[in-house]
1. Using beta carbons and a limit of 9 Å, which pairs, at least six apart or on different chains, have the first residue in the range 98-117 and touching a residue at least 60 places away in the same chain (Cβ under 8 Å) and of a type in the set (S, T, Y) and the second one surrounded by fewer than 18 Cβ atoms within 10 Å (Cβ to Cβ) and in a helix (DSSP H, G or I)?
2. Would you mind stating whether I20 is out of contact with any Pro (no Cβ under 9 Å at 6 or more places or on another chain) and in contact (Cβ under 8 Å) with a residue 60 or more places away in the chain?
3. So, in the range 189-212, exactly how many residues are closer than 24 Å to W102 by Cα and under 14 Å from the mean Cα position of the chain (by Cα)?
4. Pick out the one residue from I116, I151 that is farther than 29 Å from D89 by Cα and out of contact with any helix residue (DSSP H, G or I) (no Cβ under 7 Å at 6 or more places or on another chain).
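Derivation of every value follows stated rules applied to the coordinates shown; laboratory data play no part. Not measured: the values here are computed from a predicted model. Positions of Cβ are backbone-derived with ideal geometry, glycine not excepted, and every protein chain shown enters the neighbour counts.
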Amino acid sequence: MAGLKVYLDLMSQPARAMYIFCKATGIQHEIVPVRILQGDTKTDEYTAMNPFQKVPVLKDGDFTLTESVAMLRYLATTRDIADHWYPKDPKQQARVDEYMEWQHMGTRINCAKFFIEKWLLPMGTRIPPNEKKVEHLKDVMETTLEQVERIWLKNGEKDFIGGGKDVSVADLLAACEMEQPRMAGYDVRDKSPVLKLYMDRVQDRLNPHYAEAHVGLNEMVKKFKGEVPESHYKKIDA
């Protein structure tokens, strides 16, 4: 099919997953760059596509989707791609779906909340973070990461989420979410040998597209080293 457009800002975790998926599968598509911080998602044109004003957005002709999980399922079932991405076998597919249903209130929300509170909000507001809240969100995130290791990867017995022998859309979502805390100075690879092996395995399997998708994130990590510069904060008169 022709006419597939994917609107992305690669600082977004689901947007990176969509970028990698489209590139790695060889699906014919056009990437339309979107700059969240420049207000691109707030325009009338963009809001007409996605009333939630989020990324990514998929347009396939006159058909539009605004949720990344729905996009991945749609493309996996409408394009001719390798079966490992989203298996046709009902039980194998259900295992992939099981993670994707869980991740909304698991890796998706808990990695993001830590990153937002520790780094993104302070950068935007120029107000130091609430350290007590940051520590609480870190604890919640680490509980989630322990669940990924223990439940979804069976303490390293499984190479990929879902138990398949190759990467699936579940792994794309998981890895991209677990990369995000690096901008807030937390690298899951440093905390867990199992998660390090898993993240490295997914990255190696999906390079060069994985590396391409994370160029911007890696630049932010290198520039800020997970911290908001003290000079960035507003000066409060005594």
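1. What qualifies is T107/Q147.
2. So I20 passes the test.
3. 4
4. I116
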